[in-house]
Amino acid sequence: MLHIENLCKSYGNRPVLQNLSLHIAPGDVYALLGPNGAGKTTTINIICNLLKPDRGSVRINGLPVSEQTKRLIGIAPQENLLYKVLSCQENLRFFGQLYGLRGRLLEQRVQQCLEAVNLLDRSKSPVETLSGGMQRRMNIAVALVHQPKLVVMDEPTTGLDIEARYEIWELIRQLQRQGITVLLTTHLLDEAERLATCIGILKQGQIAAEGSLATLRQQLPAQEVLLVQSPEPEKAIERGRAQGFIPRRYGSDLAFWLPEHLELKDIIERFDGIELESIGRHPVRLEHIYLEVTQDRECSSGFF
């Protein structure tokens, strides 16, 4: 569905994208992750034909990005595009007309999109009377009105409460079930874990790691992550290294990558003689992989 090859873009002397390549299959939910400045927004703008690359190519459904691909893409930006004094159905009519929809087909799409985002009962309500979560769902409805093949969602749940987030997540799952391809950018790693069929992590304008969550986990030499609180952290690190555990700092938390699953009693015995205030075992999460990829670290295993 989306094929990006060797994409390059610089602003003056500052390179933002450096030979970026990624491929998204039809029906996939692809989560594009990366710290601020990694190139996510620039990539989206190029895909949507709002910005020209210096080099490289972008093809959507086999076609190079141009005015011709406009109807293939639906865009739900982080900032809502909605006209707040207009009702939900008026917003959808307006944006549908921009895509050339008219008459009976336009009215059908307005009703179908309102139903898809569960806002049929608020069709005549001004957007300004909707909650934040409802407005975000309306923003997605606008992206769907012309029946695109690819929907680009930029931070779709930022600032929403947990109930509203769940509603957006279910809407994204519905789109996938309908065969619609979704490109999702998010800083919420649990969102990517729950929704994405494929995850790409951007670093300095390139994909530094890519694959399903299961595939990315296999690249980390850890079966579990052990979190330890100790008044003797240096001694704990030295002991952990002697046991073959790779130490990591996650903020103020001291962690160890365990190369195999161990019983809690066995773990405690391996730290015998070192004062431990607490100890906890956790599965390898996307946050551990993300930090390893995006931060400059020396990993003794040779991964990343």
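Please specify each residue of region 224-255 satisfying the condition of being part of a loop (DSSP other than H, G, I, E, B) and either closer than 18 Å to LEU291 by Cβ or among the basic types (Lys, Arg) (or both). Result: PHE245, GLY251, SER252. Within region 65-77, can you find the residues that are outside any helix (DSSP H, G or I) and either surrounded by 15 or more Cβ atoms within 10 Å (Cβ to Cβ) or in contact with a Lys or Arg (Cβ under 9 Å, 6 or more places away or on another chain) (or both)? Hits for region 65-77 are VAL65, ILE73, GLY74, ILE75, ALA76, PRO77. Applying a threshold of 6 Å to beta carbon distances and a minimum spacing of six or more residues, or different chains, the list of pairs starting in region 167-179 at a residue that is more than 15 Å from GLY27 (Cα to Cα) and ending at one that is among the β-branched types (Val, Ile, Thr) and surrounded by 12 or more Cβ atoms within 10 Å (Cβ to Cβ) reads ILE168/THR157.
Among the residues of region 207-245, count how many are under 30 Å from PRO26 (Cβ atoms) and either surrounded by fewer than 20 Cβ atoms within 10 Å (Cβ to Cβ) or of a type in the set (Val, Ile, Thr) (or both).
Start the filter on region 207-245 by keeping residues that are under 30 Å from PRO26 (Cβ atoms), which leaves 207-220.
Of the ones still in play, those that are also either surrounded by fewer than 20 Cβ atoms within 10 Å (Cβ to Cβ) or of a type in the set (Val, Ile, Thr) (or both) are 207-208, 210-215, 217-219.
Total satisfying the criteria: 11.
Checked against the criterion of being over 16 Å from the mean Cα position of the chain (by Cα), open to solvent by 50 Å² or more (accessible area, probe 1.4 Å) and of a type in the set (S, T, N, Q), the candidates GLN135, GLN176, GLN204 yield just one match: GLN204. If you filter region 85-122 down to residues that are within 29 Å of the chain's Cα centre (by Cα) and assigned to a loop (DSSP other than H, G, I, E, B), you find that the one that is surrounded by the most Cβ atoms within 10 Å (Cβ to Cβ) is VAL117.
Remark: pairs (first residue in region 256-268, closer than 26 Å to GLU292 by Cα; second residue among the aromatic types (Phe, Trp, Tyr) and buried (at least 18 other Cβ atoms within 10 Å of the Cβ); Cβ separation under 8 Å; 6+ apart in sequence or on different chains) = PHE256/PHE245; TRP257/PHE245; LEU258/PHE245; PRO259/PHE245.
Within region 138-173, the set of residues being of a type outside the set (A, V, I, L, M, F, W, C) and either open to solvent by 50 Å² or more (accessible area, probe 1.4 Å) or assigned to a helix (DSSP H, G or I) (or both) comprises ASN139, GLN147, LYS149, THR158, GLY159, ASP161, GLU163, ARG165, TYR166, GLU167, GLU170, ARG173.
In region 1-26, the residue that is most open to solvent (accessible area, probe 1.4 Å) out of those that are touching a strand residue (DSSP E or B) at 6+ places or on another chain (Cβ under 6 Å) and within 15 Å of GLY211 (Cα to Cα) is HIS23.
Applying the set (1) assigned to a helix (DSSP H, G or I); (2) open to solvent by less than 80 Å² (accessible area, probe 1.4 Å); (3) over 17 Å from GLU170 (Cβ atoms) to LEU82 leaves exactly one unmet item: (1).
Restricting region 123-132 to residues that are over 28 Å from the mean Cα position of the chain (by Cα) and loosely packed, with under 14 Cβ neighbours inside 10 Å, which is farthest from LEU175 (Cα to Cα)? My answer is THR129.
Counting only residues that are assigned to a loop (DSSP other than H, G, I, E, B) and either under 15 Å from ILE75 (Cα atoms) or free of Cβ contacts under 8 Å to residues at least 40 places away in the same chain (or both), which one in region 17-43 is nearest to the chain's Cα centre (by Cα)? Steps first, please.
Residues of region 17-43 assigned to a loop (DSSP other than H, G, I, E, B): 25-28, 34-39.
Going one step further and asking which of them are either under 15 Å from ILE75 (Cα atoms) or free of Cβ contacts under 8 Å to residues at least 40 places away in the same chain (or both), we end up with 36-37.
Working: ASN36: 13, GLY37: 15 Å.
So the residue we want is ASN36.
Pairing each residue of region 183-200 that is closer than 8 Å to ALA31 by Cα and modelled with pLDDT of 95 or more with any residue that is assigned to a strand (DSSP E or B) and open to solvent by 50 Å² or more (accessible area, probe 1.4 Å), provided the two are 6+ apart or on different chains, yields C-beta distances under 6 Å for GLY200/GLU210. In the set (1) under 24 Å from THR197 (Cα atoms); (2) without any contact (Cβ under 8 Å) to a residue 12 or more places away in the chain, ARG14 fails one condition alone, (1).
The values are calculated or read from the model by the stated rules, or taken from the named source; none is laboratory data. Model, not experiment: these values are computed from the prediction. Counting neighbours? That spans all protein chains shown, and the Cβs are built from the backbone with ideal geometry, glycine included. The protein model used for the area step is the full one, side chains on, heavy atoms only, and it has no ligands, DNA or RNA in it. Shrake-Rupley method; radii C 1.70, N 1.55, O 1.52, S 1.80 Å.
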